[in-house]
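K.L.:
So that we are looking at the same thing, I have put the structure below in structure tokens.
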Amino acid sequence: MREIVFDTETTGMDPLKGDRVIEIGAVELYNHLPTGKTLQLYINPERDIPAEATAVHGITNEFVKDKPVFSQIYTDFLDFIGEDSKLVAHNAEFDMRFINWELEQVGHKAIDRKRVVDSLVIARQKFPGSPANLDALCRRFNIDNTSRTFHGALLDSELLAEVYLELLGGRQRGLGLIDDSTSKSGAAGTAALTRQYREPRPHSASAEELAAHQEFLGEIKEPIWAKVK
């Protein structure tokens, strides 16, 4: 089963008020294991980024001025998520509202909300009354988020992937989602499994074991198989 954990960074809270997506980050999971394949896209929003937004995600107008606009990169995102992979986001309603609004502007159909799993909903159901933001969940599951000085879409996707696996019942320790130096944005990778070789063990019964078995059978009175001809 293929799943894509993703996050967006935006210029504000509402696309209907002119806010736009400025970063998309995504992490691929296969059968609840990270493959090492990630995606990170920076986007020119074609409008000024408010200072309060820059304070949250650290992305400036100067940084995005030479980045592609959404119409130039949306196919990269769609190719990465595929047509039927499950999508996982934290407070998914926010991210999907922006993504589908942006897709509508370039004439592409919206992504079906039935594909999307909201990890925030899972967290609130599992820990009712407790803080359920990403930082709080990282603390709960002892996930190192010290590198999260800003809300970066790829970093948040990597952290969320670990949180999501914990919410499902517990991840394998040492998956290396954050510190895996071999992961490259947009590059495929496979989680390597190292198995220790062991010589095959014989399973045939020894002569002593066969003799003991026959002795045991001889002690059984009127066995049912003796009546079958």
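The values are calculated or read from the model by the stated rules, or taken from the named source; none is laboratory data. On a predicted model such as this, the values are computed, not experimentally measured, just so you know. Don't worry about glycine lacking a Cβ; one is built from the backbone with ideal geometry, like all the others, and counts go over all protein chains shown.
K.L.:
Going by the structure shown, is V116 in contact with a helix residue (DSSP H, G or I) (Cβ under 6 Å, 6 or more places away or on another chain) and under 24 Å from I73 (Cβ atoms)?
P.N.:
Here the answer is yes, as V116 does meet what is asked.
K.L.:
Could you list, in sequence order, the residues of segment 83-112 that are more than 23 Å from D19 (Cα to Cα) and loosely packed, with under 13 Cβ neighbours inside 10 Å?
P.N.:
Within segment 83-112, E83, D84 meet the criteria.
K.L.:
If you don't mind, another one. Checking the structure you have, find out if any residue of segment 31-40 is in contact (Cβ under 8 Å) with a residue 40 or more places away in the chain, of a type in the set (A, V, I, L, M, F, W, C), in a strand (DSSP E or B) and surrounded by 14 or more Cβ atoms within 10 Å (Cβ to Cβ). Walk me through it before giving the result.
P.N.:
Just the residues of segment 31-40 that are in contact (Cβ under 8 Å) with a residue 40 or more places away in the chain, to begin with: 32-40.
If we keep only those that are of a type in the set (A, V, I, L, M, F, W, C) too, we end up with 33, 39.
From the residues that got through so far, the ones that are in a strand (DSSP E or B) too are 33, 39.
Pick out the ones that are also surrounded by 14 or more Cβ atoms within 10 Å (Cβ to Cβ) and you get 33, 39.
Yes, that holds for at least one residue.
K.L.:
Considering only segment 102-117, state which residues are touching a residue at least 12 places away in the same chain (Cβ under 8 Å), assigned to a helix (DSSP H, G or I) and more than 17 Å from R47 (Cβ to Cβ).
P.N.:
Keep residues of segment 102-117 that are touching a residue at least 12 places away in the same chain (Cβ under 8 Å), which gives 102-103, 105-106, 108, 111, 113, 115-117.
Subset that is assigned to a helix (DSSP H, G or I): 102-103, 105, 113, 115.
Matches in segment 102-117: L103, R113, R115.
K.L.:
Of T75, T54, T35, which residue is at pLDDT below 95 and of a type in the set (S, T, N, Q)? I'd like the intermediate steps shown before the answer.
P.N.:
Working: T75 fails: at pLDDT below 95; T35 fails: at pLDDT below 95.
Answer to the selection: T54.
K.L.:
For segment 113-125, which positions are of a type outside the set (A, V, I, L, M) and surrounded by 12 or more Cβ atoms within 10 Å (Cβ to Cβ)? Spell out how you get there, then give the answer.
P.N.:
Narrowing segment 113-125 to residues of a type outside the set (A, V, I, L, M): 113-115, 118-119, 124-125.
Within segment 113-125, R113, R115, D118, S119, R124 meet the criteria.
K.L.:
Can you name every residue in segment 54-101 that is part of a helix (DSSP H, G or I) and charged (D, E, K, R)?
P.N.:
Initially, segment 54-101 is screened for residues part of a helix (DSSP H, G or I), giving 54-57, 61-64, 70-81, 92-101.
Of everything in segment 54-101, those that are part of a helix (DSSP H, G or I) and charged (D, E, K, R) turn out to be E62, D76, D79, E93, D95, R97.
Table: residues versus (1) of a type in the set (A, V, I, L, M, F, W, C); (2) at pLDDT 75 or above; (3) buried (at least 17 other Cβ atoms within 10 Å of the Cβ).
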| residue | (1), (2), (3) |
| --- | --- |
| F141 | yes, yes, no |
| S157 | no, yes, yes |
| R171 | no, no, yes |
| S181 | no, no, no |
| A191 | yes, no, no |
| S204 | no, no, no |
